[in-house]
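The values are calculated or read from the model by the stated rules, or taken from the named source; none is laboratory data. Note that the structure is a prediction, hence the values are computed from the model and not measured. We place every Cβ from the backbone using ideal geometry, glycine too, and count neighbours over all the protein chains shown.
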Amino acid sequence: MGRVVLIGAVLWAGAARADFGPFAFACEDGTRFVVTFTEGRRALLAVDGAEAEVLPQVEAGSGIWYASEHYSYREHQGVVDFATLQRGAIVRETVCRRAS
């Protein structure tokens, strides 16, 4: 029985390090992006087919939040807010849903 627990722990630990995604989103303003969550509290975000950009995780009071110099991805209670940033200020913000 000890071996089963150990194997389960090893498998679980391995799964915790795997990427989660990719997930495709379509936004109300027509923007489309794909996000993959990676270990190390980062997300890879590719907007409208462009090369993926790394977004470090940001402290959020509730939900999740990832942001870079150019993009912000926030998710709270199933609602995804996506923003395009310029010099840290929001230039465009939209609500997005998982694309099918």
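Quick look at the values:
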item: When residues of segment 57-100 are limited to those that are of a type in the set (D, E, K, R) and farther than 17 Å from Phe23 by Cα, the one surrounded by the most Cβ atoms within 10 Å (Cβ to Cβ); result: Glu93
item: Test: residue in segment 48-56 that is buried (at least 16 other Cβ atoms within 10 Å of the Cβ) and modelled with pLDDT of 95 or more; result: yes
item: Residue that is farthest from Val34 (Cα to Cα), among those in segment 50-79 that are touching a Phe, Trp or Tyr at 6+ places or on another chain (Cβ under 6 Å) and assigned to a strand (DSSP E or B); result: Gln57
